[in-house]
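Trainee: Quick one: structure below, then a few questions.
The values are calculated or read from the model by the stated rules, or taken from the named source; none is laboratory data. None of these values were measured; they are calculated from a predicted model. With ideal geometry, Cβ positions are generated from the backbone for all residues, glycine too; neighbour counts draw on all protein chains shown.
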Amino acid sequence: MSLIFSKMQKHIDGFKSLTANKNVLDVNDVAQVFIPLANGMSTAVELKVNVGDRVKVGSLIGHRNDFFYVPIFSSVSGTVVAIEKRTHGAGQIDHVVVENDFKFEQAELDTINYETASREELVEFVKNKGIVGCGGAGFPTYVKYQKPEGINKVIINAVECEPFITADYKEIEDNVRYLMTGVLAMQKMAEAKEVVIAIKTGKKLVTDIMNKALPNASVSVVEVPDAYPMGWERTLIRHLEKKEYENIPSEIGLIVNNSTTAISLGMAMETGMPIVNKFVTVSGDALKDPVNVNVLVGTPVSKLLEITKLNRDEVVLINGGPMMGNSMETDEFVITPNTNAITVMAEVVTEAISCLRCGSCSDHCPAGLQPVRIMEAYKSQDWDEVRKLRADKCIECGLCSYVCPSKIEVSNQVILAKRTIASLDKNRR
Ligand code: SF4
Ligand code: SF4
């Protein structure tokens, strides 16, 4: 049974036991990797290789060239054999196809010591290693640390609040040393007095591992309630700091980064290696053998489904967790540096009934929105009302649909409303 903790969040069933106690499976036997020329949803990427070029693990393949610089690297050694369009969250986009020679030769890779490097050198290192937020959108990490003025605390988000996902905790279990190296570098880049690592209550093994590895008294571990979406940074800050902010946490002296991002940074600092492989949870009720994999960036999801196998024909394939992920129409899309989960659920067709005006969706929306009113405004194409109701603030958490007793897909309607006004307003400019 689910327990309501307070408005704007909810305990939901985790289904974490499907993968939590299994060993992580290494998956690096792919004949070809397909490296997307994208960072998050941005496809403004300058290509740096040609068909026929030899590359190594960690070789530069291209870089984002719009507002941000984000390099993109090869995850294998071998030969570039094609540049082809494939499905990605951002649409049909170019991917660099590298034929794996299975030698895993490494490019020349520089390392850095957070104690001897200056703050500016660390930020530059983070930028050049292409470290991005590993918890979802893939936002470039160095951007958060460019201006440390007024920052007093870094919060490391190890909450992992979405159902089914256990990859973040597996990463911490295996790589706590890298986590602490990354944490100390983040503290130095932010010039912050304090670092707090937030973890969900009841995760004794991982909490003990982190507490034992704490480097000094300025870094601590705090437990937060097992509620969704506690891992969303606004909810987490509301809980830990009892504060609100308008746009970004730095307005109130905070920087938030995911624990896997800190691990990726620590690993890059000690080994020189950018994010070329990821721990990914492949789980869901439509899989015979859910598992966490340590997989090369650029591996097609179809390869992972061959391992986990489906237990039925009609499924919903989700890039991410079941609440915030995006459903995909094909399994040809690939693992990227910010993938943390692939979820495969049984397709359930539920008959929605009329809205009961119960207000539950509004009570639970962590962004403080009124989803039912946005849905109605969307249906009547009242775009001014959609704007007034701030559909743009929806974080696409899915909680309004989850709590709706009428089984209405409220979040889908709100997300469509959000996208419609974004596109109308873009065309107006
Ligand atoms: S999906 Fe959007 S509208 Fe629905 S609860 Fe989450 S933030 Fe609120
Ligand atoms: S939760 Fe569902 S039934 Fe209740 S007000 Fe929202 S849309 Fe209507």
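Trainee: For Ser360, state whether it is surrounded by fewer than 19 Cβ atoms within 10 Å (Cβ to Cβ) and without any contact (Cβ under 8 Å) to a residue 60 or more places away in the chain.
Mentor: So Ser360 does not fit the description; no.
Trainee: Report yes if some residue within region 420-429 is assigned to a loop (DSSP other than H, G, I, E, B), farther than 29 Å from Ser283 by Cα and either away from ligand 2 (no atom under 16 Å from the Cβ) or among the basic types (Lys, Arg) (or both); otherwise report no. Before you say what the answer is, go through the steps one by one.
Mentor: The initial filter retains those residues of region 420-429 that are assigned to a loop (DSSP other than H, G, I, E, B), namely 429.
Subsequent filtering for residues that are farther than 29 Å from Ser283 by Cα retains 429.
From what is left, the residues that are either away from ligand 2 (no atom under 16 Å from the Cβ) or among the basic types (Lys, Arg) (or both) are 429.
Yes: one or more hits.
Trainee: Can you find a residue in region 394-408 that is farther than 30 Å from Ile248 by Cα, crowded, with 20+ Cβ neighbours inside 10 Å and either near ligand 1 (Cβ under 10 Å from one of its atoms) or not assigned by TED's automatic domain parsing to the domain that holds Asn28 (or both)?
Mentor: Scanning region 394-408, I find at least one residue that is farther than 30 Å from Ile248 by Cα, crowded, with 20+ Cβ neighbours inside 10 Å and either near ligand 1 (Cβ under 10 Å from one of its atoms) or not assigned by TED's automatic domain parsing to the domain that holds Asn28 (or both), so the answer is yes.
Trainee: With the structure loaded, tell me whether Tyr228 is aromatic (Phe, Trp, Tyr) and surrounded by fewer than 21 Cβ atoms within 10 Å (Cβ to Cβ) or whether it fails that test. Steps first, answer last, please.
Mentor: On the way: aromatic (Phe, Trp, Tyr): yes; surrounded by fewer than 21 Cβ atoms within 10 Å (Cβ to Cβ): no.
Spelling it out, it is not the case that Tyr228 is aromatic (Phe, Trp, Tyr) and surrounded by fewer than 21 Cβ atoms within 10 Å (Cβ to Cβ).
Trainee: Right, another one. Name the one entry in Leu310, Leu389, Leu305, Leu369 that is within 15 Å of ligand 1 (Cβ to nearest atom) and under 26 Å from the mean Cα position of the chain (by Cα). Even if it seems obvious, please write down each step before you answer.
Mentor: Working: Leu310 fails: within 15 Å of ligand 1 (Cβ to nearest atom); Leu389 fails: under 26 Å from the mean Cα position of the chain (by Cα); Leu305 fails: within 15 Å of ligand 1 (Cβ to nearest atom).
Matching residue, one of Leu310, Leu389, Leu305, Leu369: Leu369.
Trainee: Out of Lys204, Lys212, Lys193, which single residue is surrounded by fewer than 19 Cβ atoms within 10 Å (Cβ to Cβ) and closer than 23 Å to Phe125 by Cα?
Mentor: Numbers: Lys204 fails: closer than 23 Å to Phe125 by Cα; Lys212 fails: closer than 23 Å to Phe125 by Cα.
Result: Lys193 is the single residue among Lys204, Lys212, Lys193 that is surrounded by fewer than 19 Cβ atoms within 10 Å (Cβ to Cβ) and closer than 23 Å to Phe125 by Cα.
Trainee: Among the residues of region 255-274, which ones are more than 17 Å from Lys188 (Cα to Cα) and either assigned to a helix (DSSP H, G or I) or in contact with a helix residue (DSSP H, G or I) (Cβ under 7 Å, 6 or more places away or on another chain) (or both)?
Mentor: Thr260, Thr271, Met273, Pro274
Trainee: Look at Ile374 and say whether it is at pLDDT 95 or above and more than 15 Å from ligand 1 (Cβ to nearest atom). Walk me through how you get there before you give the answer.
Mentor: Details: at pLDDT 95 or above: yes; more than 15 Å from ligand 1 (Cβ to nearest atom): no.
Taking the combined requirement at face value, the residue does not satisfy it.
Trainee: Among the residues of region 16-60, how many are surrounded by fewer than 21 Cβ atoms within 10 Å (Cβ to Cβ), in contact (Cβ under 8 Å) with a residue 60 or more places away in the chain and assigned to a strand (DSSP E or B)?
Mentor: Within region 16-60, residues that are surrounded by fewer than 21 Cβ atoms within 10 Å (Cβ to Cβ), in contact (Cβ under 8 Å) with a residue 60 or more places away in the chain and assigned to a strand (DSSP E or B) number 4.
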